[in-house]
Amino acid sequence: MPNCRVELFHEVEDAQPLSLAVGIFDGVHVGHQAVVETAIEAAKSHGGLCGVLTFDPHPSRILRPDQATELIMTHEQKSEALRLMGVDLVVWKTFDTSIAGVSAEGFLSYLKQGLLSLHSVHVGENFRFGKGRVGDVDLLKKSGREVGVSVVGCPRLHQGNTIVSSSRIRDCLRNGEVEDANVMFGRFYETWGTVIQGKRLGRELGFPTLNMRWNPELRPRYGVYVVKVGLSGSPERAWGIANYGVRPSVETDVEPQLEVHMLQRCTWDKGDQLVVDWLTFVRSEQKFNSLDELKEQINRDVIFAAAYAGRH
């Protein structure tokens, strides 16, 4: 397939039948996981490969650049989430005007020409494709019968009365509703980052922090969160209290930063690669009139986080 990058998670044999989940999959939430799982099961049933076809950049950057979607995940995070699910490969297809111009009727033939071993395609029931996004699952199934590719459309999942979607997760993160977002993720919202040298103000206040300069496309609500932290690649986690924002009480820098005060002893330091799991929102970021006021509030935050950790 032209203008694409294939990421293999292990060695594969040529010409193995390919079951392919197709979509943006930003967040790899439980709805996305359901689609990918059908592709994994199909691959197992016929001794083939399971792949994911996704697009880079996000189509909105080409189709409506003035209203481009802010991504929840980095490419690396998406790849890792898919790898952990058990897919064999990810096809990163460049989204440009040429693929945007492929007709809905010709979309599956386009995929088949680029992926000769394509056996089945797996999408969410709301999947739209082709020029003008006029194609739907029914059209995809009709096209599949014509080119010899089976098509599976997966129903959308619900959280209560709300449909699970990347858009809903974005709203939750912007509002600090991280627990609702985590239910839709099926795991914790994560930050990946490298510890940087801070100004040691937290240490002076009696609350030393691990600092990460982290500025994602989709910024969660500025404020204080209970978190768990661990070294990248390790399943072990330790409890902490984090502040994400611009630190208005002590900084004039407008670039946000993530600071974590650990509730348990740790030996991590500058240069370490950490994963931060976000568990619950505590309060909004605010500006204090003095460092004493800030210190008192941090102490209350730590007490809250310790009590939360004790309950969980």
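Just so you know, all these numbers are worked out from the coordinates, no wet-lab data involved. Note that the coordinates shown come from a computational prediction; the quantities given were computed from them, not determined experimentally. Positions of Cβ are backbone-derived with ideal geometry, glycine not excepted, and every protein chain shown enters the neighbour counts.
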(message) Which one, 18, 294, 121, is farthest towards the positive end of the dipole of the chain when Lys and Arg carry +1 and Asp and Glu -1 on their Cβ?
(response) 294
(request) Excluding residue 9 itself, calculate the net charge of residues whose Cβ lies under 11 Å from the Cβ of residue 9, where each Lys or Arg counts +1 and each Asp or Glu counts -1. (result) -3
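Among 138-149, 273-284, what's the highest-first ranking by average C-beta atoms within 10 angstrom per residue? Intermediate values should be presented prior to the final figure.
Values: 138-149: 15.4, 273-284: 18.3.
Most protected by this proxy first, the peptides run 273-284, 138-149.
Under unit Cβ charges (Lys, Arg +1; Asp, Glu -1), what dipole magnitude, rounded to 20 debye, does the chain have relative to its Cα centre?
360 debye
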(request) Mind checking the full-extension length gain between residue 3 and residue 96? Use 0.36 nm per residue of separation minus the Cα-Cα distance, one decimal, nm. (result) 32.6 nm
(request) Could you work out how far the C-alpha centroid of region 1-44 sits from that of region 64-121, in angstrom? (result) 9 Å
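Once you have the Cα-Cα distance between residue 266 and residue 145, take 0.36 nm times their residue separation minus that, and quote the gain in nm to one decimal.
Taking residue 266 through residue 145 to full extension adds about 37.8 nm, to one decimal.
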(message) Run the paramagnetic zone check for residue 134: 7 angstrom along Cα to Cβ, then residues of region 106-123 with backbone nitrogen under 18 Å.
(response) 106-110
(request) Determine, from the Cβ-Cβ distance of residue 56 and residue 113 and an R0 of 22 Å, the FRET efficiency 1/(1 + (r/R0)^6), rounded to the nearest 0.05. (result) 0.60
(request) Go through 295-306, 234-245 and give me the packing order, highest mean Cβ count within 10 Å leading. (result) 234-245, 295-306
(message) If I model a spin label at residue 75 and residue 217 as a point 7 Å from the Cα along the Cα→Cβ vector, what separation in nanometres do I get?
(response) 1.2 nm
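Compute, for region 188-311, the length of the dipole vector about the Cα centre, with Cβ point charges of +1 (Lys, Arg) and -1 (Asp, Glu) only. Units Debye, rounded to 20.
Once rounded to the nearest 20, the dipole reads 200 debye.
How much of the DSSP beta bridge set in the chain is antiparallel, as a percent to the nearest 5?
65 percent
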(request) Within 10 Å, count the other beta carbons around each residue, average over each peptide in 115-121, 126-132, and list them highest first. (result) 115-121, 126-132
(request) Calculate for the chain the 222 nm mean residue ellipticity that helices alone would give, adding -39,500 (n - 2.57) per DSSP H run of length 4 or more and normalising by residue count, nearest 500 deg cm²/dmol. (result) -9000 deg cm²/dmol
(message) Which residue, 303, 266, 231, has the largest displacement toward the positive end of the dipole of region 188-311 when charges sit on each Cβ (Lys, Arg +1; Asp, Glu -1)?
(response) 303
(message) Using 0.36 nm times the number of residues separating residue 231 and residue 12, minus their current alpha carbon distance, what extension gain do you get?
(response) 75.8 nm
(message) With the crude spin-label approximation of a point 7 Å out along Cα→Cβ, what separation in nm comes out for residue 303 versus residue 126?
(response) 4.3 nm
(request) Calculate the dipole size of region 4-159 relative to its Cα centre from +1 charges on Lys and Arg beta carbons and -1 charges on Asp and Glu beta carbons; express the result in debye to the nearest 20. (result) 460 debye
